[in-house]
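Read through the structure below, which is laid out as structure tokens, and then see the notes.
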Amino acid sequence: MRITGDQALVKKLNKSIVLDTIRRKGPLSRTDVSEKTGLNKATVSNLTLELIEQNLVEETGLGESSGGRKPLMLLFNGSAGCVIGVELSVTRVKAILTDLKGTILQEHVLPLGQLDEDAVFEVIGKVIQPLIDAAPQTTHGIVGIGIGVPGMVDESGLILYAPNLNWEGVDLKSRIEEKYNVPVVIDNEANAGAAGEREYGAGRHVRHLVYVSAGMGIGSGMIIDGQLYKGAWGYAGETGHMSIESDGRLCSCGNQGCWELYASERAYSYTSLPALTTAERVEQAKVGDASTLEMYEEIGRRLGIGVTNLVNGFNPQKIVVGGPLTEAKAWIEPKMLATIAKRALPYHRRELSISFSELGSRSAVLGAAHLAVAQFLGRVRVSV
């Protein structure tokens with residue numbers, strides 16, 4: 001019998017729904033899956049059989065009976081494969097090896113010296129290869145590589161513009177796919193951070209979330225109605241370049257008064273303090289250095305101004321602040337929260353929750369790994 005493309009597509013979508021339901025809410029019986037998805041029991045039974053054969057779902061034992069035989073329970077098998085997540089920043093490359101549930105199996109970090117494309121590609125290879133070598137034997141092997149980058153990325157994965165790397169039109173995706181022969185997904189690091197917090201961190205179960213990544217620059221990842229919002233062409237989230245001073249400091253993007261010049265690590269260069277890393281400045285803050293404390297209070301105030309704009313503009317349930325600057329949370333947070341309380345519209349902040357990342361410095365790298373998992377699970381083969 002000839003199967004039409006439409007029938008195959010419907011089956012693939014149904015299979016994806018069943019798998020995602022088991023992954024997020026398992027252990028579940030087949031009846032539970034049918035009730036939660038709206039698919040009939042025969043369809044669920046056939047699709048779960050395929051997923052069991054592919055070792056993506058496993059039967060874990062008997063559940064509670066509702067009157068008849070006790071049902072076999074279904075659970076997502078996170079050990080069926082592995083992914084690699086990579087976070088590319090201006091100063092380093094961090095990579096992790098995880099299973100399909102996001103459990104970190106290995107981690108590797110190397111500093112970046114030169115920022116040209118070839119030099120960065122070489123360092124990425126040096127952090128990825130040890131993880132590939134360390135990967136356990138699994139049914140599906142390494143199923144993908146996810147990469148978060150500090151710049152604008154289009155829907156095809158092309159890095160359009162990364163001002164802090166001085167990159168424009170860089171096709172890192174194709175180079176890595178060609179070298180390692182696995183699918184690669186690339187996104188803005190703030191989008192990756194939002195995905196990480198939504199899946200594993202402070203944004204779990206939140207349908208309207210803004211994740212603010214504050215490091216050498218500022219970017220935002222936005223989850224709207226449970227979906228990552230990328231805008232018409234994939235460029236949404238460049239909030240570090242919204243103006244908070246109409247005639248302010250000149251930014252590398254060509255604009256003036258950009259938020260990240262006042263509320264990220266880039267603000268350090270506009271003080272009279274010595275050139276130090278955030279970790280070194282945090283040590284000075286711990287011993288009560290007055291100039292450092294004053295600087296972090298001002299960064300917190302400026303961070304609060306920008307977050308207020310996001311609150312008033314998007315009306316999220318939750319704001320999560322992540323990135324390297326969160327090492328200074330103790331000195332930034334009070335002034336940031338006070339500024340938001342003073343400036344945000346009262347109805348917008350009435351049920352608003354604001355927190356710093358639960359994943360620390362791993363939001364983006366875990367989110368990048370999750371994007372690779374999602375890409376793999378979304379293309380799970382269908383038998384027809």
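Flag not set for Asp116, criterion: outside the structural domain of Leu19 (by TED's automatic domain parsing), crowded, with 20+ Cβ neighbours inside 10 Å, of a type in the set (Asp, Glu) and free of Cβ contacts under 8 Å to residues at least 60 places away in the same chain. For region 346-382, filtered to residues that are closer than 17 Å to Ser213 by Cα, surrounded by fewer than 22 Cβ atoms within 10 Å (Cβ to Cβ) and of a type in the set (Ser, Thr, Tyr), the residue that is nearest to the chain's Cα centre (by Cα) is Ser361. Among the residues of region 171-192, what is the count of those that are over 21 Å from the mean Cα position of the chain (by Cα) and not in a helix (DSSP H, G or I)? Summing the residues that are over 21 Å from the mean Cα position of the chain (by Cα) and not in a helix (DSSP H, G or I) in region 171-192 gives 1.
Assess whether Leu105 counts as being of a type in the set (A, V, I, L, M, F, W, C) and touching a Ser or Thr at 6+ places or on another chain (Cβ under 9 Å).
Yes; evaluated as a whole, the condition is true for this residue.
Counting only helices (runs of 4 or more DSSP H) wholly contained in region 289-384, the ones carrying 2 or more residues that are touching a residue at least 60 places away in the same chain (Cβ under 8 Å) and outside the structural domain of Leu228 (by TED's automatic domain parsing) occupy 363-378. Scanning region 104-113 for residues that are in contact (Cβ under 8 Å) with a residue 12 or more places away in the chain and either surrounded by fewer than 15 Cβ atoms within 10 Å (Cβ to Cβ) or in contact with a helix residue (DSSP H, G or I) (Cβ under 8 Å, 6 or more places away or on another chain) (or both) gives Ile104, Leu105, Gln106, His108, Val109, Leu110, Pro111, Leu112.
Tell me which residues, restricted to region 152-164, are buried (at least 21 other Cβ atoms within 10 Å of the Cβ) and within 14 Å of Val86 (Cβ to Cβ). If the condition is that a residue be buried (at least 21 other Cβ atoms within 10 Å of the Cβ) and within 14 Å of Val86 (Cβ to Cβ), then Val153, Ile159 are the ones that fit. Do we have any residue at all in region 188-203 that's surrounded by fewer than 20 Cβ atoms within 10 Å (Cβ to Cβ), more than 24 Å from Leu112 (Cα to Cα) and not aromatic (Phe, Trp, Tyr)? Looking through region 188-203, none of the residues is surrounded by fewer than 20 Cβ atoms within 10 Å (Cβ to Cβ), more than 24 Å from Leu112 (Cα to Cα) and not aromatic (Phe, Trp, Tyr). Every condition in (1) more than 19 Å from Val93 (Cα to Cα); (2) in contact with a Phe, Trp or Tyr (Cβ under 8 Å, 6 or more places away or on another chain) holds for Arg204 except the one numbered (2). Entry remark, region 237-267: residues being surrounded by fewer than 17 Cβ atoms within 10 Å (Cβ to Cβ) and touching a residue at least 12 places away in the same chain (Cβ under 8 Å) number 8 in total.
Scanning region 124-142 for any residue that is part of a strand (DSSP E or B) and surrounded by 14 or more Cβ atoms within 10 Å (Cβ to Cβ) turns up at least one such residue. Of all residues in region 92-103, exactly one satisfies the criterion of being exposed (fewer than 15 other Cβ atoms within 10 Å of the Cβ) and not basic (Lys, Arg), namely Thr103.
The values are calculated or read from the model by the stated rules, or taken from the named source; none is laboratory data. These numbers were taken from a predicted model, which means no experiment stands behind them. Quick reminder, even Gly has a Cβ in these numbers, built from the backbone with ideal geometry, and neighbours come from all protein chains shown.
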